[in-house]
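Let me begin by presenting the structure, written as structure tokens, before commenting on it.
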Amino acid sequence: MNAAPPPKSSRRNGVFAVVCVAVVAGMVGMSFAAIPLYRLFCSVTGYGGTPKIGLAAAPGAVTKTIRVRFNADTNPALPWKFGPDANEVTLKLGDEQIAFYHAKNLAKTPVTGMALYNVTPEKAGKYFHKTACFCFNQQTLAAGQEMEFPVSFWVDPEIAKDPSTADIQVITLSYTFFRSLDDAAKSGALAKAGPHVGPMTAAEEQALESKNARTN
């Protein structure tokens, strides 16, 4: 004698349970992916003051200029002194520029740090292009050691044609050094930071060698 088929309500409950498990698993997965996805979205769109990234070459200088200020901060957990070599620079739109930051380990033991960056005002993010920088790379300084960190960038001439950004005269490039990514995440800086865009370029290496030659 054949067994009676299960009631329709039991089948519906089984399907409902499977759907619930799938939804919960998906939500957990999305929570782990939220920060990387947010950073990817910001880096592509320039949202949240995150500079657009990529190895696209600067289009070439135009007549209009813009000022770029350099800001530096150090998380209290990192015993470093960190700052820009110059407070600001005036450059032509579309022209690539190389700037330097410097750091010194104030501790009596080697210490490793990692930098994050962002730009303000936020609406300028999609027009600010970084072609190489020292961010998201672990940097270890020996006790008392000093080091120079170069960064190359350019500002898209389209910033002057966009009605929402045509009034911008100054962009601030900010770097913050943390002891670890955990410290950066706890501060809320990790979710809004732009990613590293590649190794040091030949122009950066040459500029760094020239700077070291002048100071030695």
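Here are the numbers for the structure shown:
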quantity: Neighbours by Cβ (under 7 Å, 6+ apart or cross-chain): first from the range 138-149, closer than 12 Å to VAL111 by Cβ; second assigned to a strand (DSSP E or B) and of a type in the set (Gly, Ala, Ser); calculated: GLN139/GLY113; LEU141/ALA103; MET147/ALA103
quantity: Complete set of residues in the range 103-132 that are over 26 Å from LYS161 (Cβ atoms) and in a loop (DSSP other than H, G, I, E, B); calculated: LEU106, ALA107, LYS108, THR109, PRO110
quantity: Every residue from the range 74-87 that is part of a strand (DSSP E or B) and either at pLDDT below 95 or surrounded by 18 or more Cβ atoms within 10 Å (Cβ to Cβ) (or both); calculated: THR74, TRP80, PHE82, PRO84
quantity: Every residue from the range 157-216 that is in a loop (DSSP other than H, G, I, E, B) and either more than 22 Å from the chain's Cα centre (by Cα) or at pLDDT 90 or above (or both); calculated: LYS161, ASP162, PRO163, SER164, THR165, ALA166, ASP167, ILE168, GLN169, ASN216
quantity: Any hit, the range 48-65, residues being surrounded by 14 or more Cβ atoms within 10 Å (Cβ to Cβ), at pLDDT 65 or above and under 20 Å from the mean Cα position of the chain (by Cα); calculated: yes
quantity: Filter result for LEU141 (surrounded by 13 or more Cβ atoms within 10 Å (Cβ to Cβ), aliphatic (A, V, I, L, M) and either modelled with pLDDT of 85 or more or within 25 Å of VAL89 (Cα to Cα) (or both)); calculated: yes
quantity: Unique residue being out of contact with any helix residue (DSSP H, G or I) (no Cβ under 7 Å at 6 or more places or on another chain), within 30 Å of THR63 (Cβ to Cβ) and crowded, with 20+ Cβ neighbours inside 10 Å when the list is VAL170, VAL151; calculated: VAL151
quantity: Output for the range 116-130, where each listed residue is touching a strand residue (DSSP E or B) at 6+ places or on another chain (Cβ under 8 Å) and either among the charged types (D, E, K, R) or surrounded by fewer than 22 Cβ atoms within 10 Å (Cβ to Cβ) (or both); calculated: THR120, PRO121, LYS126, LYS130
quantity: Cross-chain or 6+ apart pairs with Cβ under 7 Å, the range 163-186 first and farther than 22 Å from THR74 by Cβ, then assigned to a strand (DSSP E or B); calculated: GLN169/ILE66; GLN169/ARG67; VAL170/ARG67; VAL170/ARG69
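The values are calculated or read from the model by the stated rules, or taken from the named source; none is laboratory data. Computed from a predicted structure; not experimentally measured. We place every Cβ from the backbone using ideal geometry, glycine too, and count neighbours over all the protein chains shown.
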